[in-house]
Structures are given as structure tokens and as C-alpha cells.
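Student: I'd like to ask some things about the structure below.
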Amino acid sequence: EQTIWRYRKFFPHVEERVSLGEGWTPIIKGKDAYFKLDFLNPTGSFKDRGSSILLSTIAGRVRSRGYISEDSSGNAGASVAAYSAASGIRAKIYVPSTASGPKVEQIKAYGAELVRVEGGRNEVTAEAMAHEEGKFYVGHVYHPTYWDAMRTVAYEIAEQFNWRPPRYIFLPVSAGTLLLGTLRGFKHLLDSGEVDEVPFLVACQTKLISPLYHKLKGLTYSPPKVVKSIADALISPNPPLLNMMVEEMRGVGDAEIVEEEEIIEAHRELALQGLYVEPSSAVAYAAYKKWLGEGKVDGPSLVILTGMGLKVRWG
């Protein structure tokens with residue numbers, strides 16, 4: 001089966017299957033690296049992996065009792081809205097007032113109720129978590145079922161490379177669900193004897209919003225008062241999973257930051273290779289190019305492209 005459900009046995013907590021065909025996204029060889037095209041998931045982002053497993057776990061309990069509440073900068077909200085619609089559950093999605101247009105329209109198209117919240121991510125989360133009769137908060141950052149689903153990224157990469165994955169994997173990081181899930185997936189494969197070693201994961205962030213980079217390197221970090229970047233999906237200045245990311249990354253990975261100009265250039269280069277992604281995805285490629293230029297890459301590399309370019313309006 002060409003979806004994440006080929007790994008069904010690794011998710012015993014699932015109660016019913018809620019699927020739109022997510023996962024098993026292609027890997028292609030670019031001019032200087034491999035690319036995992038996770039923006040080709042049903043709603044245009046990697047978030048569909050988590051939404052599928054999450055809704056499959058809780059749908060039966062929520063459907064008759066109320067509705068789902070989620071806070072998101074756009075991609076997660078669109079994904080949860082889509083899978084809620086597919087499972088016949090009402091959804092209320094809380095987004096920052098600055099959320100980009102196409103993602104907001106996508107959320108509304110799935111029939112979810114959209115709630116715009118002034119302020120930063122903390123304010124959005126607080127509103128989404130506030131008590132209301134029948135509300136079932138499924139915030140993807142806090143729900144282990146959601147980011148546990150990201151193990152499938154590692155499973156797919158390993159299997160698609162005939163169980164000999166590339167030495168380096170570059171991926172954009174904000175809340176950390178993709179990073180933690182991918183890392184744990186590879187550790188599971190290592191413990192199971194399916195792979196000989198865990199690839200070196202490089203967590204990629206913007207220079208403006210880079211809490212993991214600073215924490216991992218023992219540097220002081222002061223979040224900007226106004227959180228704004230061309231990479232609008234990577235705007236978590238104080239991610240709740242930060243300490244967990246740092247703990248699990250030590251010895252098996254590193255972090256890199258890139259300037260806004262580097263993101264724009266990486267986005268252009270990807271498009272000229274036929275890959276139209278959102279700028280947040282281009283952050284990972286920009287970091288890879290930076291490492292390549294500095295001579296830090298000495299083996300095959302893969303860049304995970306997480307979001308579709310049609311989901312943002314910029315330029």
C-alpha cells in the first residue's frame with residue numbers, strides 16, 4: 001500500500017482509519033541533493049501524516065460528543081480541517097491574525113470555523129485551549145499521537161533507499177513535530193536492525209526565529225518582539241517541545257540558521273529545478289546549500305520539502 005498505512009502495525013492505538021491517501025511521497029534526485037517531496041500530501045503539507053493518525057485515534061470518541069479545536073499558523077489547521085471533514089467531525093481552527101491568505105481559504109473550504117486571534121502563538125494557543133462545552137483540543141504540538149505519526153517519514157526514507165538512507169537529512173523546524181518523529185523513526189529502525197546507523201539530522205531555522213539553534217549551541221536567544229519572516233510556517237519563538245528536541249538531538253544532529261535573502265535564493269533555485277514550494281520549505285535547502293559551501297557535507301544528502309508553494313502569497 002502506497003500510503004503511511006503500510007506501517008499500520010506500528011500504531012496500535014488507532015481505532016478507525018481516517019485517510020486521504022497521505023504518505024509514501026516521492027524522493028527524487030536533484031542537481032546536488034535528494035528531495036523528499038512531502039508537499040505532495042493531500043492538503044499540500046507534511047502535516048497530513050499527523051492529522052491522519054490523530055483523527056484515526058480519536059474520531060470515534062469525539063464525533064458524538066462535540067468538536068475539534070486546533071491552533072495553527074495555517075498548514076496544520078488546513079490539514080486538521082480536511083481530516084475532520086473526512087471523518088465527519090466539526091472543527092474550529094484558531095489562527096494568528098497574520099496567517100497567509102491561501103491557507104486560511106483552504107481551512108474555510110473544508111467547512112471548519114475559522115477564528116483569528118491577535119497576538120503571537122501563545123495567545124492563539126490559549127484561545128484554542130480555553131474551555132467551551134464540547135471542545136476537544138487536539139493541538140498538534142501537544143498531542144503525542146500527532147508527532148508520533150511523523151515516524152513514517154523515517155520509515156519511508158529508509159525503505160525508499162533500500163534501507164540505506166542518506167548520511168545527512170535537512171529539514172525545516174518550528175514546533176519540532178517533524179524533527180522528533182523523524183528522529184524517533186530512525187532510532188526505531190536502528191533498534192530493529194533495519195538500518196545500520198541513524199542519518200545525521202540538520203534542523204533548519206531562520207535567523208530571525210531560531211530557538212532550537214541557539215539552545216542546542218548554548219547561545220542566548222531573545223525572541224523578536226514582532227515575529228515576522230518570509231518563512232511564515234516557522235514562527236514558533238518559544239516551542240513547547242524545545243527541551244525535548246535539544247535532548248534528543250545531541251550527538252545525532254545539529255542545527256543551522258539562514259538569512260531571509262538565503263531563503264529567497266533557495267526558493268528560486270528549487271523552482272528552477274521544477275520544485276515550487278513555500279519559503280518555509282526552502283529554509284532547509286538554504287541550510288543545505290550553506291553547509292555544502294562550507295564543506296560540511298561529505299556524503300549523500302536529502303532535503304525534506306514540507307509545504308507546497310501554492311499555499312502562500314508573496315513576492
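The values are calculated or read from the model by the stated rules, or taken from the named source; none is laboratory data. Since this is a predicted model, take the numbers as computed values, not measurements. For neighbour counting, all protein chains shown are included, and Cβ atoms are generated from backbone atoms with ideal geometry for every residue, glycine included.
Student: Applying the selection to region 49-63, what residues are over 17 Å from ALA76 (Cα atoms) and under 14 Å from the mean Cα position of the chain (by Cα)?
Tutor: None - no residue of region 49-63 is over 17 Å from ALA76 (Cα atoms) and under 14 Å from the mean Cα position of the chain (by Cα), so the list stays empty.
Student: Could you check how many residues of region 203-228 are within 18 Å of LEU179 (Cα to Cα) and among the small types (Gly, Ala, Ser)?
Tutor: Here the count works out to 2.
Student: Looking at region 1-50, which of its residues are of a type in the set (A, V, I, L, M, F, W, C) and on the phi > 0 side of the Ramachandran plot? Step through it out loud before you land on a result.
Tutor: Here is the first cut: in region 1-50, the residues of a type in the set (A, V, I, L, M, F, W, C) are 4-5, 10-11, 14, 18, 20, 24, 27-28, 33, 35, 37, 39-40, 46.
Within region 1-50, TRP24 is the sole residue that qualifies.
Student: Can you tell me which residue in region 255-298 is nearest to the chain's Cα centre (by Cα), limited to those that are of a type in the set (Gly, Ala, Ser) and in a loop (DSSP other than H, G, I, E, B)?
Tutor: Let us first name the residues in region 255-298 that are of a type in the set (Gly, Ala, Ser), namely 255, 266, 271, 274, 280-282, 284, 286-287, 293, 295.
Those still in the list that are in a loop (DSSP other than H, G, I, E, B) too: 274, 295.
On the way: GLY274: 22, GLY295: 27 Å.
Among residues in region 255-298 that are of a type in the set (Gly, Ala, Ser) and in a loop (DSSP other than H, G, I, E, B), the one nearest to the chain's Cα centre (by Cα) is GLY274.
Student: Moving to a separate point now. Which residue out of VAL202, VAL227 is touching a residue at least 24 places away in the same chain (Cβ under 8 Å), among the hydrophobic types (A, V, I, L, M, F, W, C) and touching an Asp or Glu at 6+ places or on another chain (Cβ under 7 Å)? Give the derivation first.
Tutor: Details: VAL227 fails: touching an Asp or Glu at 6+ places or on another chain (Cβ under 7 Å).
Exactly one of VAL202, VAL227 is touching a residue at least 24 places away in the same chain (Cβ under 8 Å), among the hydrophobic types (A, V, I, L, M, F, W, C) and touching an Asp or Glu at 6+ places or on another chain (Cβ under 7 Å), namely VAL202.
Student: Something else: Sort out which residues of region 170-205 are more than 13 Å from the chain's Cα centre (by Cα) and of a type in the set (Phe, Trp, Tyr), and write them in order of number.
Tutor: PHE186, PHE200 - these are the residues of region 170-205 that are more than 13 Å from the chain's Cα centre (by Cα) and of a type in the set (Phe, Trp, Tyr).
Student: Give me the residue from region 110-148 that is touching a Pro at 6+ places or on another chain (Cβ under 7 Å) and over 12 Å from PRO96 (Cα atoms) and, out of that set, surrounded by the most Cβ atoms within 10 Å (Cβ to Cβ).
Tutor: VAL141
Student: Among the strands (runs of 3 or more DSSP E) lying completely within region 23-106, list those that include at least 3 residues that are in contact with a strand residue (DSSP E or B) (Cβ under 6 Å, 6 or more places away or on another chain) and either surrounded by 19 or more Cβ atoms within 10 Å (Cβ to Cβ) or in the same structural domain as ALA266 (by TED's automatic domain parsing) (or both). I'd like the intermediate steps shown before the answer.
Tutor: Values: elements: 27-29, 34-37, 67-71, 90-96.
Fully inside region 23-106 and qualifying: 34-37, 67-71, 90-96.
Student: Take ASP298 and decide whether it is buried (at least 18 other Cβ atoms within 10 Å of the Cβ) and in contact (Cβ under 8 Å) with a residue 40 or more places away in the chain. Give the derivation first.
Tutor: On the way: buried (at least 18 other Cβ atoms within 10 Å of the Cβ): no; in contact (Cβ under 8 Å) with a residue 40 or more places away in the chain: yes.
No; evaluated as a whole, the condition is false for this residue.
Student: Follow-up. On the given criteria, is LEU234 assigned to a helix (DSSP H, G or I) and in the same structural domain as ALA33 (by TED's automatic domain parsing)?
Tutor: Working: assigned to a helix (DSSP H, G or I): no; in the same structural domain as ALA33 (by TED's automatic domain parsing): yes.
It is false that LEU234 is assigned to a helix (DSSP H, G or I) and in the same structural domain as ALA33 (by TED's automatic domain parsing).
Student: Identify, by number, the condition in (1) closer than 30 Å to GLU197 by Cα; (2) assigned to a loop (DSSP other than H, G, I, E, B); (3) in contact (Cβ under 8 Å) with a residue 60 or more places away in the chain that ARG313 doesn't meet.
Tutor: (1) is the only condition that ARG313 fails.
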